[in-house]
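Peer 1: Structure incoming, see below.
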Amino acid sequence: MDSRQRQIFILSYLTYASYYLTRLSFSVVLPVMQSDLGHSKFSLGLIGGSFSIFYALGQFVNGQLAEKGARRLVLIGLVLSVAMNLLFGYMDALIFLMIVWSVNGYAQSTGWPSVVKIIRNWFRSGDLGSIGGLFGSCFLVGNMVSWFALGWIVANFGWRAVFLIPALPVILVASLFYLYVSDEPLVRTSVNKVDSPGVRFRLQQILSSKRLITIAIAYTLLQFVRSGFTLWAPSYLLETYSVSLDIASYMSSVIPLGGIMGSVTSGWLSDRMKKFGRIPVIFAFILFLSLLIPAFYSVASYGLQAGSLLLLLSGFTLYGPHVIMATVVPMEQEESYGVAGVAGFIDGIGYIGLLFADPFIGWTIDVHGWNGVVTFWLLSSIAAAFLSLTLWFDEATSHKAYGPAASK
């Protein structure tokens with residue numbers, strides 16, 4: 001990695017991490033907001049669901065737009081996200097909260113396909129698993145730092161300040177990114193791009209791929225678990241362990257900490273096991289996650305230390321396969337389907353699923369308690385493991401029948 005690549009990597013990493021300062025704000029303040037405004041968990045789940053559907057739709061659109069101008073798209077998205085957070089901090093009515101958070105969902109969707117496209121443009125050689133696994137940890141660092149920072153803000157300045165204070169640092173990071181990052185090396189910008197396929201053709205190609213659709217569905221099932229941990233973790237810890245909101249927020253940060261270790265490890269392992277493909281690594285991680293979910297719920301009576309350890313391990317096994325599917329798989333599709341388009345498609349399908357999952361989880365908590373939610377997460381994880389197993393079997397069969405090229 002030369003100095004210019006290092007600069008691109010670090011700035012892209014920090015920029016995407018900063019998205020979470022204007023994304024997790026709602027999750028962190030959710031328990032206090034419910035008490036202050038009197039909205040039910042189902043209503044708050046609708047706000048989360050509205051974010052998810054517009055984020056999903058935005059992924060399909062911005063995944064294609066990022067193929068042409070990723071750097072500019074990031075700047076527009078971050079500025080719009082900051083504006084929506086500022087508005088959200090001054091509102092009370094449910095309908096307006098849903099509208100503003102929906103627009104924020106679209107603004108947030110500019111980030112992932114854009115940064116994945118830029119990193120792939122700048123790293124043409126090397127082990128994609130290791131590069132993708134390391135870079136994929138950026139949203140986990142964003143999660144972890146945001147849990148701490150936003151938890152501290154709400155504890156000291158109130159829940160509305162969570163939507164106001166992060167505005168300045170996020171705008172600063174966006175400006176640095178726009179000034180010092182380019183879409184691709186200059187030596188590649190002169191390449192003739194006249195023959196690049198159109199948006200409609202790329203989408204048709206993606207939709208015709210059984211492998212990508214299977215990965216996207218498995219990714220969606222993992223998103224159910226991820227959203228549960230991300231959106232509801234502070235509320236669960238608050239109610240289960242009777243801790244303060246800031247302590248619950250700090251405890252939640254061990255999930256992305258475990259995820260950082262998991263993403264780097266899974267990427268490295270998938271490179272070391274190249275002859276078997278990346279799917280076996282995905283399957284193994286999800287299988288262990290399925291064992292940890294009921295264990296986490298069962299150890300609640302053993303105290304904070306046991307709960308924190310299980311949260312750490314859950315983050316490790318959840319985000320390991322998540323990062324391979326969302327980062328490494330799209331990076332491998334440049335010639336076939338387009339990096340940003342595939343990244344947007346997989347992430348977009350995942351967030352369409354959350355349109356159902358977020359309000360459903362809120363309703364389940366209201367009606368059946370946390371036991372019902374844990375059961376839902378467990379079933380989702382097992383289903384994702386099953387899909388990855390079938391994909392592994394299909395690729396192994398194709399590999400035996402047609403040779404190594406068949407599994408690519």
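The values are calculated or read from the model by the stated rules, or taken from the named source; none is laboratory data. These numbers were taken from a predicted model, which means no experiment stands behind them. Please note: Cβ atoms are built from the backbone with ideal geometry, for glycine as well, and neighbour counts cover all protein chains shown.
Peer 1: Being in contact (Cβ under 8 Å) with a residue 12 or more places away in the chain, assigned to a helix (DSSP H, G or I) and closer than 27 Å to Phe9 by Cβ narrows it down to one residue among Leu57, Leu75, Leu86; which is it?
Peer 2: It is Leu75.
Peer 1: Another question, then. In segment 42-72, which residues are of a type in the set (A, V, I, L, M, F, W, C) and more than 29 Å from Leu30 (Cβ to Cβ)?
Peer 2: Once the filter is applied, which keeps residues that are of a type in the set (A, V, I, L, M, F, W, C) and more than 29 Å from Leu30 (Cβ to Cβ), segment 42-72 yields Leu65, Ala66, Ala70.
Quick grid of which residues meet (1) at pLDDT 90 or above; (2) of a type in the set (D, E, K, R):
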{"residue": "Lys41", "(1), (2)": "no, yes"}
{"residue": "Ile53", "(1), (2)": "no, no"}
{"residue": "Gln59", "(1), (2)": "no, no"}
{"residue": "Val74", "(1), (2)": "yes, no"}
{"residue": "Tyr90", "(1), (2)": "no, no"}
{"residue": "Phe96", "(1), (2)": "yes, no"}
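Peer 1: Give segment 32-46 a look and list any residue that's of a type outside the set (Phe, Trp, Tyr), surrounded by fewer than 24 Cβ atoms within 10 Å (Cβ to Cβ) and touching a residue at least 12 places away in the same chain (Cβ under 8 Å), or say none.
Peer 2: Val32, Met33, Asp36, Leu37, His39, Ser40, Lys41, Ser43, Leu46
Peer 1: Moving on to the next point. Considering only segment 263-274, I want to know if a residue exists there that is touching a Phe, Trp or Tyr at 6+ places or on another chain (Cβ under 7 Å), in a helix (DSSP H, G or I) and not hydroxyl-bearing (Ser, Thr, Tyr).
Peer 2: No - not one qualifying residue is present in segment 263-274.
Peer 1: Mind telling me which of the residues Gly277, Gly307 ends up being touching a residue at least 12 places away in the same chain (Cβ under 8 Å) and farther than 22 Å from Val374 by Cβ?
Peer 2: Being touching a residue at least 12 places away in the same chain (Cβ under 8 Å) and farther than 22 Å from Val374 by Cβ holds for just one of Gly277, Gly307, which is Gly277.
Peer 1: Next up: Restrict the check to segment 338-354 and report whether at least one residue is β-branched (Val, Ile, Thr), part of a helix (DSSP H, G or I) and in contact with a Pro (Cβ under 6 Å, 6 or more places away or on another chain).
Peer 2: Yes, segment 338-354 contains a residue that is β-branched (Val, Ile, Thr), part of a helix (DSSP H, G or I) and in contact with a Pro (Cβ under 6 Å, 6 or more places away or on another chain).
Peer 1: What single numbered condition from (1) within 22 Å of the chain's Cα centre (by Cα); (2) surrounded by fewer than 17 Cβ atoms within 10 Å (Cβ to Cβ); (3) in contact (Cβ under 8 Å) with a residue 12 or more places away in the chain fails to hold for Trp101?
Peer 2: (2)
Peer 1: Report the residue count in segment 130-147 for those that are among the hydroxyl-bearing types (Ser, Thr, Tyr) and in a helix (DSSP H, G or I).
Peer 2: 2
Peer 1: If you take the residues of segment 199-208 that are out of contact with any helix residue (DSSP H, G or I) (no Cβ under 9 Å at 6 or more places or on another chain) and either among the hydrophobic types (A, V, I, L, M, F, W, C) or not in a helix (DSSP H, G or I) (or both), which of them is modelled with the highest pLDDT?
Peer 2: Ser208
Peer 1: Out of Trp377, Trp363, Trp370, I need the residue that is closer than 22 Å to Ser40 by Cα, in contact with an Asp or Glu (Cβ under 8 Å, 6 or more places away or on another chain) and assigned to a helix (DSSP H, G or I). Which one?
Peer 2: One residue alone meets the criteria, Trp370.
Peer 1: Quick check, is Gly228 within 15 Å of the chain's Cα centre (by Cα), in a helix (DSSP H, G or I), closer than 29 Å to Ile47 by Cα and at pLDDT 85 or above?
Peer 2: Here the answer is no, as Gly228 does not meet what is asked.
Peer 1: Among the residues of segment 151-177, what is the count of those that are closer than 28 Å to Ile8 by Cβ, in a helix (DSSP H, G or I) and of a type outside the set (Val, Ile, Thr)?
Peer 2: 8
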